[in-house]
């Protein structure tokens, strides 16, 4: 069964409001702190987009995953920023040779934030309810699970067919564990098992977590975390220089000198799975239904220009970023070549083409400016339609009423969207869909990754879209802070190891 990822409004809005930069191949080390850390400290983290509500079961959006997963809610397994799968509520797990049985050994002594003990039945109930409730996000990711049972402290998942993505899916929302039939108001409150518990939400301003005293693992290293929502980068810079925040995520790398001027902050660049994606509407009758036109657009675009404009960077020429399985350098598929682009347009009879770019208004103006200039050079007039996000959702994502569209896709391992002909990309290739299905069914990780790489090459060769850059995590970190994540922070922000010195 093909998995389908829903592109959620808040997910894209969070992604878009964050800095659209890319990495230089790794991450910049966080500043070194020599003073003694303060276990009673409060750390203030600047974030960009505030969630509309806190119900992580049914409300989509990176704004929720970023703060709630790992910190408040946990699954049997989790993932590191580097995308490795690690134990969480399960001490360990085994997978049968045929890939059909997953056995997890649940930790003992785990409690929810309301003090109630976590039981194997809570786990079974959470996963079964997720699978059986389409309104719970990522329900379909458990579609191949035939049964979920408990035997003592073991939780056993039996599959109808192998699914190489199952463990990865369980590191996300599909695997989150809740208390059975909890009465908490999930829209405004939370009851998880993580190192922090939610204490207050000042809507329009901030969300506060405090250390959970009875956490099953190593206690959090600060007593309190305050997420301060400051959408504007200049305002965030001012708050940092005034000593009002300790770390600034979603920052603008072009402001490096300003924020480092006092010596109180250092700019840290980390890798991410953010993909600056230019979608082509390939519906019948559209000029973009012609592969030659799509290829011409790709070869007309100078990808390096985005990296330069955004002050850091890594180009990307295919649908899989370097942190994800199946990545290959596909720059040879569509090298920057305006003359080749003109020839392709002439061959397609599309020399005097006018297209519209629909782009959410919160993105950097450098993105449409570069696209307008590059396409104009090869004879394409690009009209920019800058819209608010609800309009983009309705016109592009839902109704597929667009020529070109740009958004930043932050989710890791989301190649599935290119194997889904109903997705707003409008790309339909049976061979790609088959390769993706084979990848899911593979029981060997290397084989699964190779199948993804084969599929990604076809997607790029078909000019199914263009990938303008691989974004980075850009974080300004106070010099009195250690343990601040710097990789993939737009998606997940595990703060258990964050510490603050007392001077």
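Every residue in region 289-336 that is closer than 23 Å to residue 81 by Cα and not in a loop (DSSP other than H, G, I, E, B), please.
Correct list: 307 only.
Taking helices (runs of 4 or more DSSP H) that do not extend beyond region 365-443, which have at least 3 residues that are out of contact with any strand residue (DSSP E or B) (no Cβ under 9 Å at 6 or more places or on another chain) and closer than 30 Å to residue 164 by Cβ? Outline the logic, then answer.
Values: elements: 366-377, 389-392, 430-441.
Hits in region 365-443: 430-441.
Quick one: which strands (runs of 3 or more DSSP E) lie wholly within region 137-242 and hold at least 3 residues that are over 26 Å from the mean Cα position of the chain (by Cα) and crowded, with 17+ Cβ neighbours inside 10 Å? Break it down into steps so the answer makes sense when it comes.
Numbers: elements: 145-151, 154-159, 196-202, 206-211, 224-229.
Where strands (runs of 3 or more DSSP E) fall fully within region 137-242 and carry at least 3 residues being over 26 Å from the mean Cα position of the chain (by Cα) and crowded, with 17+ Cβ neighbours inside 10 Å, they are 154-159.
Return the only residue of 393, 408 being modelled with pLDDT under 95, touching a helix residue (DSSP H, G or I) at 6+ places or on another chain (Cβ under 6 Å), within 20 Å of residue 276 (Cβ to Cβ) and surrounded by 22 or more Cβ atoms within 10 Å (Cβ to Cβ). Outline the logic, then answer.
On the way: 393 fails: surrounded by 22 or more Cβ atoms within 10 Å (Cβ to Cβ).
None of the other options fit; the residue is 408.
Would you check which residues across region 103-132 are in contact with a helix residue (DSSP H, G or I) (Cβ under 7 Å, 6 or more places away or on another chain) and touching a residue at least 24 places away in the same chain (Cβ under 8 Å) and list them? Walk me through how you get there before you give the answer.
Step one: of region 103-132, the residues in contact with a helix residue (DSSP H, G or I) (Cβ under 7 Å, 6 or more places away or on another chain) are 106, 127, 130-131.
Of everything in region 103-132, those that are in contact with a helix residue (DSSP H, G or I) (Cβ under 7 Å, 6 or more places away or on another chain) and touching a residue at least 24 places away in the same chain (Cβ under 8 Å) turn out to be 106, 127, 130.
With farther than 28 Å from residue 393 by Cβ and modelled with pLDDT under 95 as the only criterion, which of 341, 346, 311 stands out?
Just one listed residue meets the conditions, 311.
Being farther than 27 Å from residue 52 by Cβ and not in a helix (DSSP H, G or I), is that true of even one residue in region 118-127?
yes
Mind listing whichever residues of region 461-500 are at pLDDT below 95, farther than 30 Å from residue 426 by Cα and outside any loop (DSSP other than H, G, I, E, B)?
Within region 461-500, just 474 meets the criteria.
Would you pick out the residues in region 439-463 that are within 21 Å of residue 323 (Cα to Cα) and touching a helix residue (DSSP H, G or I) at 6+ places or on another chain (Cβ under 7 Å)?
439, 442, 448, 451, 452, 454, 455, 456, 458, 459
The values are calculated or read from the model by the stated rules, or taken from the named source; none is laboratory data. A quick note: this is a predicted structure, and the numbers were derived from the prediction, not measured. A quick note on method: Cβ atoms are made from the backbone with ideal geometry, for glycine too, and the neighbour counts reach across all protein chains shown.
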